[in-house]
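All of the numbers you see were taken from the coordinates with simple rules; none came from a lab. Note that the structure is predicted; figures quoted are calculated from it, not measured. Because the Cβ atoms are built from the backbone with ideal geometry, glycine has one as well, and the counts that use them run over all protein chains shown.
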Amino acid sequence: MISNLFCLLADSAHWASETTGSAVHGEHGHAAAEAFSYAAASAADLPLGFLQQLPPGTIMVLGALLLPLLGRRAAWGSLALSAVSLVMFLMTPFGVFGQFEAFGQTLEMVRIDKLSFIFGLVFHLAAITSSIYALHVEDVKQHISAMMYAGGAIAASCAGDLMTLFVFWELTAIASVVLVWATNTTASYRSGMRYLIIQVGSGVLLLSGAIMRLSETGSVSFGSLGEIGVIGLYEDGGNLSISGLLIFLAFAIKCAFPFLHNWLQDSYPQATPTGTVFLSAFTTKLAVYSLARGFAGTEELIWIGSAMTLFPIIFAVIENDLRRVLAYSLNNQLGFMVVGIGIGSELAINGMAAHAFCHIIYKALLFMSMGAVLHRVGTTKATELGGLHKSMPWTTGFCMIGAGSISGFPLLSGFISKSMIISAAAEAHLFWPWLVLLIASAGVMEHSGIKIPFFAFFAHDSGKRPKEAPWNMLCAMAIAAGLCVFLGISYRSLYGLLPYQSHYAPYTLSHVTLQLQLLLFAALAFVFLMKTKLYPAEIRATNLDTDWVYRKLLPGAIGLGSTVLLAIDGGLRKAFLAVLSGVIRIGQKWFHEGGLMGRAWSTNTMAVWATLILGLCLLLYYL
């Protein structure tokens with residue numbers, strides 16, 4: 001059944017490619033292609049073509065407003081909205097729709113092509129799976145937020161102009177913060193405020209860049225936006241483009257580039273168990289899509305992405321909160337995608353798209369497993385877990401499938417996507433990035449492939465024997481795990497949806513051997529470090545990252561500044577009072593009863609003084 005679905009999707013991409021004149025890829029039965037063509041034509045014949053004029057995901061955004069009417073059944077309403085939105089998305093043919101005039105421009109609210117199609121598809125799958133995972137949640141505001149968030153991300157991934165992108169870009173920021181605040185703790189409120197400020201700031205940069213680009217080029221079309229240079233971002237003509245640089249920074253913030261990334265580790269672990277699953281799927285992958293749309297082939301992204309794959313490994317190893325470990329590993333996986341965008345070749349872009357597709361699924365699976373642990377145990381601290389495999393065997397098994405997928409085990413989804421990016425780096429003769437990606441592959445095996453399941457379900461026995469996860473959580477995890485296995489085996493079903501025609505073969509002897517060697521090395525290193533007690537101990541602590549700036553540097557700077565200002569204020573007050581006291585003493589000396597200006601003067605003396613003053617005035621007047 002799953003195979004037939006992916007074959008149908010691949011055929012839809014094949015059909016749409018022919019109708020739009022783009023490169024054709026994927027070879028499946030003509031009957032499925034004709035069926036999809038008929039469905040697409042039927043959608044186009046709807047009155048006024050109304051449905052295809054709306055950005056995909058709009059039904060989720062608007063439908064979310066009606067969820068309060070369903071009360072406790074709002075969760076089922078969210079699932080229904082996601083499913084209906086997916087059907088409408090699949091019925092929409094490739095092309096540009098929803099055009100209207102504004103700002104002296106023809107805005108394109110909807111643009112469906114191969115790149116937006118694969119992201120829109122996986123966003124819908126993530127929304128459906130996450131909605132199933134959240135069926136037990138009775139908090140209506142979480143379902144409203146989740147639907148607006150997911151729908152906004154889907155609409156943004158299909159935006160044809162920067163103004164439409166900005167509207168849904170900001171909608172994702174405002175809607176998603178509710179999933180952080182829904183925990184109803186002081187820490188989550190503060191974290192959510194920081195998250196909101198950063199995300200809205202990204203939107204402000206995007207809007208500023210779009211307005212400046214309209215002024216510079218007379219267009220707000222969302223396509224290739226230029227190339228990054230050493231001192232800025234350049235248009236094709238070589239002139240410095242401030243607008244492109246602002247847009248690039250907006251994407252960089254949402255993609256969690258190094259030094260701009262800590263909002264991710266700060267907010268995701270503070271969200272609700274179900275909210276984190278939604279958060280893991282949309283925000284950063286929307287930024288990846290936007291980078292691929294606007295800055296593919298930008299060389300600097302290769303080195304930025306390489307740094308992104310390495311630095312999270314250190315923090316993930318020493319982190320005690322397993323959801324925070326997953327947030328760091330998310331950064332690591334984003335780095336692979338950014339490298340693929342920077343390389344910019346057809347194989348690299350295909351690898352980026354495939355890895356984003358697979359990553360959304362297996363990362364959601366890992367967050368689901370940790371969310372189930374949090375739901376049953378009340379914590380995801382490694383120091384307080386262990387031995388849970390005895391009472392949560394299904395969750396343990398699903399978590400291990402997700403861990404194997406993110407590590408890149410053959411026959412699982414991570415292998416067939418990650419290897420494409422590594423091969424693209426090798427084909428481009430980028431030795432150091434290629435080497436970094438190999439090291440990062442081994443690193444992710446250690447902190448996500450081993451650490452997460454080991455410390456949560458095995459390791460020392462915490463003595464906790466919670467119930468197995470609720471049925472809906474297990475169902476969602478089973479779907480995600482099934483997709484991880486299916487994509488790893490039937491990888492051509494995914495390759496048929498990629499932006500470019502793909503003949504890549506992941507299961508070659510060299511690829512499989514190299515990956516198994518890396519995984520075996522990482523496993524042996526973990527065992528050695530554990531046996532020799534050299535592995536960093538799991539301790540109850542807050543590990544500072546770039547949040548050191550607002551946790552330590554800013555409070556310290558504010559404290560030092562307050563001390564200096566108080567010292568200066570005290571000195572000025574003391575000096576002023578000393579001067580004022582001197583003036584008062586002089587005044588008392590001159591104006592008291594016996595003083596020069598206070599004692600009684602004779603009439604003769606006053607007459608002399610009056611004459612002198614009058615003479616002086618006359619002299620000054622005539623001069």
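Some points to look at:
- Arranged from fewest to most other beta-carbon atoms within 10 Å of their beta carbon, M193, M147 become M193, M147.
- Treating r as the C-beta distance of H136 and L566 and R0 as 51 Å, the FRET efficiency rounds to 0.40.
- Residue (of M400, L347, H375) at the positive-pole extreme of region 296-541, dipole from beta-carbon charges: H375
- A dipole drawn for region 296-541 from +1 and -1 charges on Cβ atoms has a positive end, and of A456, G443, V338 the residue lying farthest that way is A456.
- Counting beta carbons within 10 Å around each of T183, T309 and listing the fewest first gives the order T183, T309.
- Listed peptides 374-386, 258-270 by packing density, highest first (mean Cβ within 10 Å): 258-270, 374-386
- Here S581 and L618 are evaluated by their C-beta separation; at R0 = 35 Å the FRET efficiency comes out at 0.30.
- Relative contact order %, the chain, counting alpha carbon pairs below 8 Å whose residues are six or more apart: 13
- Phi to ³J(HN,Hα) by Karplus 6.51 cos²θ - 1.76 cosθ + 1.60 over region 86-99, Hz, x for Gly, Pro: 4, 4, 5, 5, 5, 7, 8, x, 5, x, 10, 9, x, 7
- Neighbour-count ranking [beta-carbon atoms within 10 angstrom, fewest first] of V167, V84, V220: V84, V167, V220
- Rg to Rh, two decimals, where region 296-541 supplies the alpha carbon set and Rh follows Kirkwood: 0.98
- Lys, Arg +1 and Asp, Glu -1 on Cβ, resulting dipole of region 440-595 about Cα centre, debye, nearest 20: 380
- Per-bin percent of Cα-Cα distances, the chain [10 Å]: 3, 15, 25, 24, 13, 5, 3, 3, 3, 3, 2, 1, 0
- The chymotrypsin sites (Phe, Trp or Tyr not before Pro) of region 82-188 that DSSP puts in a loop, and whose beta carbon has at most 12 other beta carbons within 10 Å, are F103.
- A Cβ-based charge dipole, computed about the Cα centre of the chain with Lys and Arg at +1 and Asp and Glu at -1, lands at about 2520 debye.
- Between A505 and L544, the contour length at 0.36 nm per residue exceeds the Cα-Cα span by 9.9 nm.
- Residue-wise HN-Hα couplings along region 494-508, as the Karplus relation 6.51 cos²θ - 1.76 cosθ + 1.60 with θ = phi - 60° gives them from phi, are 6, 4, x, 9, 6, x, 10, 4, 10, 10, 5, 10, x, 8, 9 Hz; Gly and Pro carry x.
- Pair S462, A102: separation of 7 Å Cα→Cβ label points (nm): 4.8
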